[in-house]
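Student: This is the structure I want to talk about, given as C-alpha coordinates.
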Amino acid sequence: DPDSRIMLDGATKAFTQAYNAQAAVDCDSQVIVCADVTQQANDKQQLIPMLQEIEENLGEIPDRVLADAGYFTEEAVESVVEGFMEPFIPRERKKHSDLPEPAPRGRIPDNASVVDRALRKLKTKVGQQTYSKRKETIEPVFGQIKEGRGIRAFLLRGLEKVKGEWNLIC
(Lines give C-alpha, C1' and ligand atoms only; values in the text may rest on other atoms or scores of the structure.)
Protein backbone atom coordinates (compact mmCIF):
# COMPACT_ATOMS: atom_id res chain seq x y z
CA ASP A 1 0.00 0.00 0.00
CA PRO A 2 1.74 3.22 -1.12
CA ASP A 3 -0.11 5.31 1.49
CA SER A 4 1.17 3.31 4.47
CA ARG A 5 4.31 4.19 6.38
CA ILE A 6 6.58 2.21 8.65
CA MET A 7 6.51 3.75 12.14
CA LEU A 8 8.28 3.02 15.42
CA ASP A 9 5.80 1.98 18.10
CA GLY A 10 6.71 4.04 21.20
CA ALA A 11 5.48 1.36 23.60
CA THR A 12 7.07 -1.73 22.08
CA LYS A 13 9.98 -0.08 20.22
CA ALA A 14 9.08 -2.29 17.25
CA PHE A 15 8.47 -1.04 13.73
CA THR A 16 4.94 -1.38 12.46
CA GLN A 17 2.96 -0.32 9.43
CA ALA A 18 0.54 2.18 10.92
CA TYR A 19 -1.33 5.46 10.97
CA ASN A 20 -1.37 8.03 13.78
CA ALA A 21 -4.95 8.80 14.87
CA GLN A 22 -5.63 12.15 16.52
CA ALA A 23 -8.66 13.35 18.46
CA ALA A 24 -9.51 16.49 20.41
CA VAL A 25 -12.06 16.18 23.19
CA ASP A 26 -14.09 18.73 25.15
CA CYS A 27 -13.16 18.43 28.84
CA ASP A 28 -16.67 19.00 30.17
CA SER A 29 -18.61 16.61 27.95
CA GLN A 30 -15.99 14.15 26.62
CA VAL A 31 -17.37 14.85 23.15
CA ILE A 32 -14.85 14.53 20.34
CA VAL A 33 -14.71 17.95 18.65
CA CYS A 34 -12.28 17.05 15.88
CA ALA A 35 -10.34 14.06 14.61
CA ASP A 36 -7.65 13.38 12.06
CA VAL A 37 -5.20 10.72 10.93
CA THR A 38 -1.62 11.34 9.89
CA GLN A 39 1.30 9.25 8.79
CA GLN A 40 3.71 11.09 11.05
CA ALA A 41 5.46 8.86 13.56
CA ASN A 42 4.96 11.34 16.41
CA ASP A 43 2.53 14.06 17.46
CA LYS A 44 4.96 17.02 17.45
CA GLN A 45 3.45 18.72 14.38
CA GLN A 46 -0.19 17.83 15.03
CA LEU A 47 -1.28 20.37 17.67
CA ILE A 48 -1.57 23.44 15.45
CA PRO A 49 -3.57 21.68 12.69
CA MET A 50 -5.88 20.16 15.31
CA LEU A 51 -6.51 23.58 16.87
CA GLN A 52 -7.32 24.97 13.43
CA GLU A 53 -9.79 22.12 12.88
CA ILE A 54 -11.39 22.75 16.28
CA GLU A 55 -11.97 26.37 15.28
CA GLU A 56 -13.41 25.30 11.91
CA ASN A 57 -15.75 22.76 13.54
CA LEU A 58 -16.91 24.88 16.49
CA GLY A 59 -16.52 28.40 15.18
CA GLU A 60 -14.45 29.30 18.24
CA ILE A 61 -11.21 28.44 19.95
CA PRO A 62 -10.84 26.71 23.32
CA ASP A 63 -9.85 28.71 26.40
CA ARG A 64 -7.23 26.14 27.39
CA VAL A 65 -5.23 23.52 25.53
CA LEU A 66 -4.29 20.36 27.42
CA ALA A 67 -1.93 18.08 25.51
CA ASP A 68 0.65 15.50 26.51
CA ALA A 69 4.39 15.94 26.11
CA GLY A 70 4.30 14.29 22.70
CA TYR A 71 2.77 17.51 21.32
CA PHE A 72 5.28 19.87 22.90
CA THR A 73 7.30 22.15 20.67
CA GLU A 74 8.20 25.73 21.36
CA GLU A 75 6.39 26.71 18.16
CA ALA A 76 3.21 24.95 19.33
CA VAL A 77 3.23 26.61 22.77
CA GLU A 78 3.90 30.03 21.23
CA SER A 79 1.11 29.48 18.68
CA VAL A 80 -1.36 28.57 21.43
CA VAL A 81 -0.51 31.72 23.39
CA GLU A 82 -0.63 33.90 20.26
CA GLY A 83 -4.10 32.44 19.59
CA PHE A 84 -5.25 33.68 23.03
CA MET A 85 -5.40 30.18 24.52
CA GLU A 86 -3.77 29.00 27.72
CA PRO A 87 -1.31 26.12 27.11
CA PHE A 88 -0.90 23.17 29.47
CA ILE A 89 1.66 21.12 27.56
CA PRO A 90 4.63 19.64 29.44
CA ARG A 91 8.04 19.48 27.80
CA GLU A 92 8.75 15.96 29.09
CA ARG A 93 6.76 12.90 30.01
CA LYS A 94 6.43 12.22 33.72
CA LYS A 95 6.10 8.78 35.23
CA HIS A 96 3.24 8.22 37.65
CA SER A 97 5.82 7.46 40.31
CA ASP A 98 7.61 10.82 39.85
CA LEU A 99 6.96 13.32 42.58
CA PRO A 100 5.59 16.65 41.36
CA GLU A 101 8.14 19.42 41.11
CA PRO A 102 7.76 22.11 43.76
CA ALA A 103 5.60 25.05 42.76
CA PRO A 104 7.65 28.10 41.81
CA ARG A 105 7.80 30.97 44.26
CA GLY A 106 8.12 34.64 43.62
CA ARG A 107 7.41 36.76 40.60
CA ILE A 108 7.94 35.48 37.09
CA PRO A 109 11.12 37.03 35.72
CA ASP A 110 10.39 39.82 33.23
CA ASN A 111 12.69 38.20 30.67
CA ALA A 112 10.94 34.80 30.85
CA SER A 113 9.92 33.52 27.41
CA VAL A 114 6.38 32.49 26.52
CA VAL A 115 7.48 28.86 26.80
CA ASP A 116 9.16 29.40 30.19
CA ARG A 117 5.99 31.06 31.50
CA ALA A 118 3.83 28.17 30.27
CA LEU A 119 6.13 25.54 31.79
CA ARG A 120 6.25 27.46 35.06
CA LYS A 121 2.45 27.59 35.19
CA LEU A 122 2.34 23.78 34.84
CA LYS A 123 4.30 23.48 38.11
CA THR A 124 1.73 25.46 40.11
CA LYS A 125 -1.10 23.72 41.97
CA VAL A 126 -3.65 25.23 39.60
CA GLY A 127 -1.56 24.17 36.60
CA GLN A 128 -1.23 20.61 37.91
CA GLN A 129 -4.97 20.40 38.64
CA THR A 130 -5.83 21.74 35.19
CA TYR A 131 -3.41 19.42 33.40
CA SER A 132 -4.68 16.40 35.35
CA LYS A 133 -8.01 16.81 33.55
CA ARG A 134 -6.29 15.64 30.34
CA LYS A 135 -6.02 12.09 31.62
CA GLU A 136 -9.67 11.94 32.65
CA THR A 137 -10.82 13.50 29.37
CA ILE A 138 -8.96 12.00 26.41
CA GLU A 139 -7.76 8.68 27.83
CA PRO A 140 -11.29 7.34 28.53
CA VAL A 141 -12.34 8.29 25.00
CA PHE A 142 -9.53 6.26 23.45
CA GLY A 143 -10.22 3.49 25.98
CA GLN A 144 -13.88 3.37 24.95
CA ILE A 145 -12.88 3.14 21.29
CA LYS A 146 -10.24 0.45 21.83
CA GLU A 147 -11.67 -1.65 24.66
CA GLY A 148 -15.38 -0.86 24.80
CA ARG A 149 -15.96 -0.99 21.06
CA GLY A 150 -13.06 -3.32 20.22
CA ILE A 151 -11.59 -1.07 17.54
CA ARG A 152 -7.86 -1.73 17.50
CA ALA A 153 -7.07 -1.49 13.78
CA PHE A 154 -8.37 0.19 10.67
CA LEU A 155 -10.27 -1.98 8.22
CA LEU A 156 -9.60 0.22 5.18
CA ARG A 157 -6.32 1.02 3.44
CA GLY A 158 -5.03 4.32 2.12
CA LEU A 159 -4.79 7.56 4.06
CA GLU A 160 -8.00 9.18 2.78
CA LYS A 161 -10.06 6.04 3.46
CA VAL A 162 -8.53 5.66 6.92
CA LYS A 163 -9.32 9.33 7.69
CA GLY A 164 -12.95 8.69 6.74
CA GLU A 165 -13.06 5.53 8.85
CA TRP A 166 -11.56 7.35 11.86
CA ASN A 167 -14.09 10.16 11.53
CA LEU A 168 -16.92 7.60 11.51
CA ILE A 169 -15.46 5.89 14.58
CA CYS A 170 -15.18 9.22 16.39
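The values are calculated or read from the model by the stated rules, or taken from the named source; none is laboratory data. Bear in mind that the values here come from a model prediction, so they are computed numbers and not experimental data. No Cβ is skipped: glycine too gets one built from the backbone with ideal geometry, and neighbour counts run over all protein chains shown. Accessible surface is based on the protein model in full, side chains and every heavy atom, while ligands, DNA and RNA are left aside. Shrake-Rupley method; radii C 1.70, N 1.55, O 1.52, S 1.80 Å.
Student: If Phe84, Phe154, Phe72 are ordered by their accessible area, calculated over protein heavy atoms with a 1.4 Å probe, which sequence runs from highest to lowest?
Tutor: Phe84, Phe154, Phe72
Student: Per the 1.4 Å probe, what fraction of the accessible area of region 48-170, in percent, lies on carbon and sulfur atoms?
Tutor: Ligands and nucleic acids excluded, carbon and sulfur reach 51 percent.
Student: Counting only protein chains, not ligands or nucleic acids, how are Lys123, Lys135 ordered by accessible area (probe 1.4 Å), most first? Could you put the intermediate results ahead of the total?
Tutor: On the way: Lys123 75, Lys135 100 Å².
The most accessible residue leads, giving Lys135, Lys123.
Student: Compute the helix-to-body angle for 47-58: its Cα long axis versus the longest principal axis of the chain, expressed 0 to 90° and rounded to tens.
Tutor: The two axes meet at around 80 degrees.
Student: Angle between the Cα long axis of helix 114-123 and the longest principal axis of the chain, 0 to 90 degrees, nearest 10?
Tutor: So the inclination is approximately 90 degrees.
Student: Let me ask something additional. Given a Förster distance of 41 Å, report the FRET efficiency between Asn42 and Asn111 from their Cβ-Cβ distance, rounded to the nearest 0.05.
Tutor: 0.85
Student: Could I ask something else about it? To the nearest 10 degrees, how steep is helix 125-143 against the longest Cα principal axis of the chain, on a 0 to 90 scale?
Tutor: With rounding to tens, the tilt is 10 degrees.
Student: I would also like to ask the following. Would you calculate a helix-derived [θ] at 222 nm for the chain, using -39,500 (n - 2.57) for each DSSP H run of n ≥ 4 and dividing by the full residue count, to the nearest 500? It would help to have the intermediate numbers written out before the result.
Tutor: Values: 5 runs with 61 residues, N = 170.
Rounded to the nearest 500, the figure is -11000 deg cm²/dmol.
Student: Could you work out which residue, out of Ala112, Ala24, Ala69, moves most in a Gaussian network model of the chain, that is, has the largest mean-square fluctuation with Cα springs under 10 Å?
Tutor: Ala112
Student: With every protein chain kept in place and ligands, DNA and RNA left out, what is the accessible area per residue of the chain? Probe 1.4 Å, answer in Å².
Tutor: 66
Student: Build a GNM of the chain with springs between Cα atoms under 10 Å: which of Arg157, Arg105, Arg149 gets the top mean-square fluctuation?
Tutor: In the Gaussian network model the winner is Arg105.
Student: Same structure again: Pick from Gly70, Gly148, Gly106: which is most flexible by mean-square fluctuation in a GNM of the chain where alpha carbon atoms under 10 Å apart are linked?
Tutor: Highest fluctuation of the listed residues: Gly106.
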